[in-house]
Amino acid sequence: SGMANARSKGIKLGRPQTTIETLPYGFLKYYPMFQKGSINLSELSRLSSISRPTLYKYLRLLEGG
């Protein structure tokens, strides 16, 4: 009943959606190197300290796919 009450008041529930503005700095720092081809997906994931599935989500968000 508490969640229904919050919904009726217009409060958003759940995790906030990821946007380009909220991407982590570590990912954005190494992304240009990935675009140039000097590092691969595994290295980008390791350097950014993010998992591969999260990396794919960020790439889809940036590349508009």
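The values are calculated or read from the model by the stated rules, or taken from the named source; none is laboratory data. Remember, predicted model here, so these are calculated numbers, not experimental data. FYI the Cβ positions are ideal-geometry reconstructions off the backbone, even for glycines, and counts take in every protein chain you see. Accessible surface is based on the protein model in full, side chains and every heavy atom, while ligands, DNA and RNA are left aside. Shrake-Rupley method; radii C 1.70, N 1.55, O 1.52, S 1.80 Å.
Each residue in the stretch 37-60 was checked for being surrounded by 10 or more Cβ atoms within 10 Å (Cβ to Cβ) and assigned to a helix (DSSP H, G or I), and 16 of them qualify. Number of residues in the stretch 11-36 that are open to solvent by 60 Å² or more (accessible area, probe 1.4 Å) and outside any helix (DSSP H, G or I) equals 7.
Considering only residues in the stretch 11-47 that are within 20 Å of Gly64 (Cβ to Cβ) and among the polar types (S, T, N, Q), the one that is modelled with the highest pLDDT turns out to be Gln35.
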